[in-house]
Each structure stands twice: as structure tokens, then as C-alpha cells.
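A.B. asks: Quick one: this structure, given as C-alpha cells, is what I'll be asking you about.
The values are calculated or read from the model by the stated rules, or taken from the named source; none is laboratory data. A quick note: this is a predicted structure, and the numbers were derived from the prediction, not measured. Every residue, glycine as well, gets a Cβ built from its backbone with ideal geometry; the counts of neighbours run over all protein chains shown. These area figures cover heavy atoms from the full protein model, side chains too; ligands, DNA and RNA do not enter into them. Shrake-Rupley method; radii C 1.70, N 1.55, O 1.52, S 1.80 Å.
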Amino acid sequence: MSTSLSYLHQQRGPLDSVESAAYEHAVLGSRLHADRPPPETGISRGEWAHACENLVRRRLLSRDEDGGLTAVHPDVALSILNAPLTDEIREREQAMAANSRVLQSIGRRLAENGRQHEGVRVVQGEKAIRDEIDSAILRCATEILSLRPGGPRSTDQFSASEASVTSIFVRGLRCQFVYHHTARANPGLTARAKAVAAYGGGIRTTAASFERLIIFDRRVAFVPVDAPGADHAAAVISDDLVVEYLHRTFTHLWANAVPLELAEDQMDEVSLGTRMAILRLMAAGLKDEAIANRLGMALRTCRRHISSILKGLQVSSRFQAGIRIAQLGILADEVADSDQSGRTDISPLW
């Protein structure tokens, strides 16, 4: 297990302005005292003491025998501040990877030799899948839940017809959608979120990896499967136990995802989540195009992130990056799930 787990229970979030000022003074060589704020800062004694105590608690300052405070190096401070978030992302990724393995195994068994099981039907062909989804929308009475890993797209084999999509809003169905963080770059997503929110639903994003999924009224679910001899296939699941399991999977991911309209101080979490997702796929040996497809981002955007990652690691090649990542233990104990790396997004509804 990564040594950074020791910081999991520390205070999270960015430094505030007073903490930043105190840490900067300490880093630049000014040994601090919690009860004596430097006059040039204009910070009150109470605010200064509180900030210093927070910095000590977060291990960015260490207390000497005489009560003076000394700062750790900024590189160490960055690792300390990011460690809780990195470990939390790792745990979510591991949980999602475990769920993906279970679902993929179920999907393979369902599609094996084209056999149909009680409570499960395998539908093959783009039009057949679209017709099934349209039918499920028309029968839906309350809610639609959907995991959409590659971001919003206009048309594909897992989408609904325009008339069915319109009926979702006419009938006031509640929708909850989860995308990958990279979908935030889509200019139409914010407007879509407002439309969904008007009926009590919402859109969230996450750095976790997940498979496509649609659940209607906790009664029927759609998951993509690899059926022999078919380019496109989906399992339509009505078995109560399986649908309930898929619903719990969605609920867990939704609870840990970030609302689309988030506070400014949460943007760093989204950015870090995207970088960590790219790092994992790089470590799994995926090329730029496969990473972009997996995360639903433009190839140019993906390459810009990769370039930034290489620069941050102070290396010039992927090989050097792999060595550096191993040295730093950034991806220690990660579950690398690259089985679905070549699949592009097939968005469920529009």
C-alpha cells in the first residue's frame, strides 16, 4: 500500500490566503512563531496563530524544541496536500474496476453462443438496440440513471430517437447522468445539465473508469456486450437481483462523483482526477488515440495533458515517465483495467 495513505485523515482542500502567506514566509527562510505575525503581512495575531496550527496539523510546518516553526520543501508539501485525494481516487478506481470485471464476466456469459437466459435478452444490431431503448423510455414512469464514460455524442448505436428524448422532458422523468471529468470540455453539457436539473435530476463527473449502463425505474437495465458475429450488441436485463446490483453500482459512483456546477476550489480535484486517469492508461501501455477514445476527449486535448504530465515529471519520453512514476510510487497498488481501452463512447440517450 502506498505510504501516502498515512495522510488520508488529514484536513483536505487548498490552503487559504493566511495559510499560504505563513507557509511562504517559512519557505523563504523566515522562521515562524505562531504568536508573532510579521508586521508587513497585516494579519492579526489570532488569524496567524490559527493558520500556523493548521499548517502544523497538515505537516507543512514542523515545530522546533523552542516553539519555532520550520517549513517542509514545497515538493514535499505538494505530495502531502495531494496524497488524500490521490488515495481516495485510487480506492474509487479499484472499486469500479472490480465492478467492471463482474459486469464484463456477466456480459460474456450472457452472450456466449448467443444463448438467452431468464431475465436477460441479448439484442444485436444498431436499430434493434435503439428500438429497445425507445420502448424502455416510453414505459419508464419515474427515473432514468445512466453511466456515460465517453461524454455526450449526437448519434450512435446506444442512443434513443429524437422523439423519445423529447418525451423524457415532456413527461418530467427524473434523470441522473455520470460522465468522465473530460466531458466538462463539451460546450453543450452545461445547458443539458440545466434541462435535467429542472426535473429534479442532475449531471456529475468522475475520474473513475466505468462501463456504459442505463437503468429505467430500477426495473430494466441495458449494458453493452460482445456478442459473437455482431458489431453491436446489448444485454437487456430484467432480473430483479441483477438490476438491483447495477443500481447499487450506479448509486455508489454517483455519490462519489462531482456535480457539474461545482465551486471554484473543486476544479483542482477535477483536473487532478483527469491527469491520474491519463497516467493510469499511459502506464497500461495505451497510445494517445486509445487514451483519448477511452476518456472521450479530443486527441489534441489528450496530447496536451500528456505533454503537461511529462513536463511535470521532468522527463522527455513515455519510457522515462514510466521509470519516474515507479520511482515516485504514484500508481502503487493501482488496478490497471485496459480490457476496454479500444471502445469509444456509445451514449445512451442523445
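A.B. asks: Has the range 39-53 got any residue that is assigned to a loop (DSSP other than H, G, I, E, B), over 30 Å from L279 (Cα atoms), open to solvent by less than 60 Å² (accessible area, probe 1.4 Å) and among the hydrophobic types (A, V, I, L, M, F, W, C)?
C.D. replies: Step one: list which residues in the range 39-53 are assigned to a loop (DSSP other than H, G, I, E, B), which gives 42-44.
From what is left, the residues that are over 30 Å from L279 (Cα atoms) are 42-44.
Now restrict to residues that are open to solvent by less than 60 Å² (accessible area, probe 1.4 Å): 43-44.
Okay, now just the ones that are also among the hydrophobic types (A, V, I, L, M, F, W, C), so 43.
The answer is yes, given that some residue of the range 39-53 is assigned to a loop (DSSP other than H, G, I, E, B), over 30 Å from L279 (Cα atoms), open to solvent by less than 60 Å² (accessible area, probe 1.4 Å) and among the hydrophobic types (A, V, I, L, M, F, W, C).
A.B. asks: Looking at the range 170-196 only, could you name the residues that are at pLDDT 75 or above, open to solvent by 30 Å² or more (accessible area, probe 1.4 Å) and outside any helix (DSSP H, G or I)?
C.D. replies: Matches in the range 170-196: R171, G172, R174.
A.B. asks: Another one. Take the conditions assigned to a strand (DSSP E or B) and not hydrophobic (A, V, I, L, M, F, W, C) and apply them to Y199. Does it pass?
C.D. replies: Details: assigned to a strand (DSSP E or B): no; not hydrophobic (A, V, I, L, M, F, W, C): yes.
Answer is no for this residue.
A.B. asks: When only residues in the range 248-274 that are at pLDDT 75 or above and surrounded by fewer than 17 Cβ atoms within 10 Å (Cβ to Cβ) count, which is farthest from A197 (Cα to Cα)?
C.D. replies: Going residue by residue through the range 248-274, those that are at pLDDT 75 or above are 248-260.
Then drop every residue that is not surrounded by fewer than 17 Cβ atoms within 10 Å (Cβ to Cβ), which leaves 248, 251-252, 254-255, 259.
On the way: R248: 22, T251: 17, H252: 20, W254: 15, A255: 16, P259: 11 Å.
My answer is R248.
A.B. asks: Let me ask something additional. For residues that are open to solvent by 10 Å² or more (accessible area, probe 1.4 Å) and among the polar types (S, T, N, Q), scanning just the range 202-247, find the one that is farthest from the chain's Cα centre (by Cα).
C.D. replies: S238
A.B. asks: Check the range 139-154 and report whether any residue there is at pLDDT below 75, closer than 21 Å to R219 by Cα and touching an Asp or Glu at 6+ places or on another chain (Cβ under 6 Å).
C.D. replies: no
A.B. asks: Suppose we filter the range 295-308 for residues that are modelled with pLDDT under 80 and touching a helix residue (DSSP H, G or I) at 6+ places or on another chain (Cβ under 6 Å); how many remain? Please lay out each step first, then the result.
C.D. replies: Of all residues in the range 295-308, those modelled with pLDDT under 80 come to 295-298, 301.
If we keep only those that are touching a helix residue (DSSP H, G or I) at 6+ places or on another chain (Cβ under 6 Å) too, we end up with 295-297.
Within the range 295-308, residues that are modelled with pLDDT under 80 and touching a helix residue (DSSP H, G or I) at 6+ places or on another chain (Cβ under 6 Å) number 3.
A.B. asks: Further question: Looking at (1) among the aromatic types (F, W, Y); (2) closer than 25 Å to L138 by Cβ; (3) outside any strand (DSSP E or B), which one does F210 not meet, given that it meets all the others?
C.D. replies: (2)
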